[in-house]
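The next block holds one structure in the form of structure tokens; read it before the comments.
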Amino acid sequence: MRKLSTYNLTFTEVADAAKAALPLRGAGVVDTAAQRILLKSPIPEPDANAVGQAVISVRNNTPVLLRDVAEVKVAPAVRFGDSLIMGKPGVLLSLASQYGANTLNTTLEVEKALADLRPAWRSKGSRCTPDCTGRQPSLSAPCRI
């Protein structure tokens with residue numbers, strides 16, 4: 001943060017310089033009636049040194065490089081579709097009402113299924129905490145795995 005203010009730079013300027021230096025190009029997703037399909041395009045391996053050389057701005061006729069204000073390294077990709085529960089990896093199950101369905105019965109059945117799974121989760125050091133306050137017509141059960 002201090003380096004950014006020293007050079008009077010914004011996060012947006014840093015992000016834009018990093019994006020311009022990366023050969024990464026996303027392809028997006030295709031939503032079908034039953035699933036979301038992640039599209040990937042072939043990409044070359046990112047080069048941390050090349051990204052570090054990206055020019056963010058010029059100050060006093062001197063280019064400010066990305067490596068001057070940030071640590072540039074190759075790291076694992078952000079996982080797609082994951083949930084965090086209290087800052088830890090988890091699974092978020094969410095049910096919503098469907099026309100003609102009995103939401104209360106569905107909620108009770110899901111609670112029962114989750115209760116049946118609790119011993120298996122506990123044996124692996126995980127926990128499940130359903131949140132169905134007031135028997136509302138939706139269930140959100142964050143489970144830390």
Any hit, the range 4-22, residues being part of a loop (DSSP other than H, G, I, E, B), surrounded by 10 or more Cβ atoms within 10 Å (Cβ to Cβ), touching a strand residue (DSSP E or B) at 6+ places or on another chain (Cβ under 7 Å) and polar (S, T, N, Q): no
Tabulated pairs, the range 81-108, first closer than 27 Å to ILE37 by Cβ and assigned to a loop (DSSP other than H, G, I, E, B), second open to solvent by less than 90 Å² (accessible area, probe 1.4 Å) and at pLDDT 75 or above, C-beta under 6 angstrom, 6+ apart or interchain: SER97/THR103
Selection within the range 14-52 - over 22 Å from the mean Cα position of the chain (by Cα) and farther than 21 Å from PRO76 by Cα: ALA33
Subset of the range 24-55 (residues that are open to solvent by less than 60 Å² (accessible area, probe 1.4 Å), assigned to a loop (DSSP other than H, G, I, E, B) and of a type outside the set (Ser, Thr, Tyr)): ALA27, PRO46, ALA54
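The values are calculated or read from the model by the stated rules, or taken from the named source; none is laboratory data. These numbers were taken from a predicted model, which means no experiment stands behind them. Note: ideal-geometry Cβ built from the backbone for every residue, glycine included; neighbour counts use all protein chains shown. Side chains are part of the model used for accessible areas, which takes the heavy atoms of the whole protein and leaves out ligands, DNA and RNA. Shrake-Rupley method; radii C 1.70, N 1.55, O 1.52, S 1.80 Å.
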